[in-house]
Amino acid sequence: MGNEQDISNNFSETNDHRIIIVGTGFSGVGAAIKLKQQGIHSFIILERAGEIGGTWRDNTYPGAACDVQSHLYSFSFEKNPNWSRTFSPQQEIQDYMLHCVEKYQLRKHIRLNTPINRATFAENTGRWTLQSAHGEHFTAQVLVTACGALSNPALPSIKGIDTFAGKIMHTAQWDHDYPLENKRIGVIGTGASAIQVVPAIAPLIKNLTVFQRTAPWVVPKADKPYRQGTKNMLGRVPFIQKLYRGYIYLLNEVRAPLIIFDTFLSKLLEKEGLRNINHYISDPILKKKVTPEFKVGCKRILLTNDWYSTLSKSNVDLVTDPILEINKSGVVTKEGTEYPFDVIIAATGFDVPTAAAPFEIIGLNGASLNEQWRDGAEAHRGTTVSGFPNLFIMMGPNTGSGSTSMVYYIESQIHYILQGIQLILDKNLKYVDVIQECQDTFNARIERKMKKMVWSSGCKSWYQASNGKITTLWPGFSWQFRLATRRFDQKEYHKVMGQR
Ligand code: N01
């Protein structure tokens, strides 16, 4: 494929491509770089927004930062010695993504403002046809969806929310032109976004009310800036940088059993969480409010050093009385208390596609992926689905990380997908389609392992589909996922000859 012509940069002449990637977050950009490095240039990347970047483009709320160490939350093939601190802020990660796009000359492959709403596979031609919301059509032999898991902000389904006369802002749709100073502000939610945004805005605000439905487990974040000398050394000696990355990886893997398995070991982490509460909070009422009532790890463990200290401030009020409704002037709780606000900040997370495709996807015999996934998403090795040939799903079912960097999982998947694509091209196949029995065997193993994971210990979280099935996270260590995706085994696929 090394001599394949770059036909991707002339959108006006042809909308027919060898490969289409949908999405320009870490998955889409990473897959595109690796395609190019493998000598495959005939691809385009479609992006619904006006700029690349996915999560790190959209989540610009004050305080937004990564809770995975940046030296690991970045591509292994594009290390950055200049991360400013252990856990980088949002803008730095977005800048890194932009750097990757420029360095690997991906711009000419990318088409922005192109939201895809449907993809259909035609068996006779072995090609996918994608339709954009603007009515354009694109065709390709291979479709790679890289749409992310946390890309569709979810407003809470609270009665009367539409009637609120003030401003509602979701954390993933922050309005930076709207001044918060001197406003009466309510924040709904106490998840990973809330614990970052609340401490960041609290100093600006006279009265800030936080509505908590479930108290999360919160542990200290070992975050510090890197000295210039350290950055210079990592930049000059790539081997040390590699060792450092490896060290962080090992550190996370060693901690993983405390975080992901349902064993006595999680007690150690619970102690850390309780110590953290006692360290920052002396008021017994507030202490009780913030003490979690579910097993640590069942929902995402939150890393921060300023959540509890912020809740202890005199201008911040933590309300645990459940929200009854939202009316024109603010929030009303079950006990009948009315909280008037100018702004409601919804730190309420995302519509996670636990049982849905990123857009309508129609495979062989008119089968709909959404229909097939109605009771929870399933794929083979998190990537391919029987009946949906030449479709590769990045961050697909059960590929999420509970304890380390998502980028490690993404790179594992890219490695697998590239082998599949190379097979199609080398053997001139019309399509590959995973054998249903192989997919079923793989998922039966996932289901067995899932019973031992702490996410199955009884709490309610976005990790689960509505029927309780956990379709998001990988039930094991990250290196086990790498092993599962190390080889694209031809024996697991129907191979149909006769490419056009
Ligand atoms: O969303 P969440 P998030 N009434 O779903 C509450 C990643 N992330 O945006 O726990 C009242 O975790 C809900 O309550 P409950 C990370 O993977 C990463 O914070 O469901 N409350 C909860 O408190 C994370 O897991 C970083 O009872 C309502 C909150 O809103 C994922 O994104 C930073 C409600 C939602 O929490 C999502 O995090 C930020 C209602 N009707 C996010 N509906 C990094 O640092 C919801 N809630 C990398």
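Residue-wise test of (1) within 16 Å of the ligand (Cβ to nearest atom); (2) open to solvent by less than 20 Å² (accessible area, probe 1.4 Å); (3) among the acidic types (D, E); (4) under 30 Å from A146 (Cα atoms).
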{"residue": "G273", "(1), (2), (3), (4)": "yes, yes, no, no"}
{"residue": "K289", "(1), (2), (3), (4)": "yes, no, no, no"}
{"residue": "C298", "(1), (2), (3), (4)": "yes, yes, no, yes"}
{"residue": "P322", "(1), (2), (3), (4)": "yes, no, no, no"}
{"residue": "I345", "(1), (2), (3), (4)": "yes, yes, no, yes"}
{"residue": "D351", "(1), (2), (3), (4)": "yes, no, yes, yes"}
{"residue": "A357", "(1), (2), (3), (4)": "no, yes, no, yes"}
How many residues of region 38-56 are open to solvent by less than 40 Å² (accessible area, probe 1.4 Å) and either free of Cβ contacts under 8 Å to residues at least 24 places away in the same chain or not in a loop (DSSP other than H, G, I, E, B) (or both)? The answer is 5
Contact list, first residue from region 187-213 and under 12 Å from K313 (Cβ atoms), second anywhere and within 7 Å of the ligand (Cβ to nearest atom) and assigned to a loop (DSSP other than H, G, I, E, B), beta-carbon distance below 9 Å, six or more apart or interchain, is V198/T190; V198/A347; V210/G189; V210/T190; V210/A347
Kindly evaluate T310 against the criterion of being open to solvent by 40 Å² or more (accessible area, probe 1.4 Å) and more than 25 Å from the chain's Cα centre (by Cα). no
Is it the case, given these coordinates, that T214 is of a type in the set (V, I, T), part of a helix (DSSP H, G or I) and out of contact with any strand residue (DSSP E or B) (no Cβ under 7 Å at 6 or more places or on another chain)?
no
- request: Test K334 against the criterion of being more than 12 Å from the ligand (Cβ to nearest atom), modelled with pLDDT of 95 or more and open to solvent by 20 Å² or more (accessible area, probe 1.4 Å), and give yes or no.
  value: no
The one condition E371 fails out of (1) closer than 25 Å to G54 by Cα; (2) open to solvent by 40 Å² or more (accessible area, probe 1.4 Å) is (1)
Reported set for region 353-364 where residues are over 15 Å from N467 (Cα atoms) and either in contact with an Asp or Glu (Cβ under 8 Å, 6 or more places away or on another chain) or outside the structural domain of W128 (by TED's automatic domain parsing) (or both) is L364
Taking region 82-126 and keeping residues of a type in the set (A, V, I, L, M, F, W, C), out of contact with any helix residue (DSSP H, G or I) (no Cβ under 8 Å at 6 or more places or on another chain) and in a helix (DSSP H, G or I) leaves L98
Conditions (1) at pLDDT 95 or above; (2) within 14 Å of the ligand (Cβ to nearest atom); (3) part of a loop (DSSP other than H, G, I, E, B) -> K79 fails only (2)
When restricted to S401, S405, S457, S478, the only residue within 16 Å of the ligand (Cβ to nearest atom) and open to solvent by 30 Å² or more (accessible area, probe 1.4 Å) is S457
Contact list, first residue from region 144-159 and assigned to a strand (DSSP E or B), second anywhere and within 10 Å of the ligand (Cβ to nearest atom) and modelled with pLDDT of 95 or more, beta-carbon distance below 7 Å, six or more apart or interchain, is P153/H170; P153/A172
Looking across region 171-197 at residues that are touching a strand residue (DSSP E or B) at 6+ places or on another chain (Cβ under 9 Å) and within 18 Å of P340 (Cα to Cα), the single one that is nearest to the ligand (Cβ to nearest atom) is G189
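Given S266, S329, which one is surrounded by fewer than 19 Cβ atoms within 10 Å (Cβ to Cβ) and either of a type in the set (S, T, N, Q) or touching a strand residue (DSSP E or B) at 6+ places or on another chain (Cβ under 7 Å) (or both)?
The match here is S329.
The values are calculated or read from the model by the stated rules, or taken from the named source; none is laboratory data. Since we're looking at a predicted model, the values are computed, not measured. Cβ coordinates were reconstructed from backbone atoms using ideal geometry, including for glycine residues, and neighbour counts include every protein chain displayed. Just so you know, the surface numbers come from the protein's heavy atoms only, side chains and all, with ligands and any DNA or RNA stripped out. Shrake-Rupley method; radii C 1.70, N 1.55, O 1.52, S 1.80 Å.
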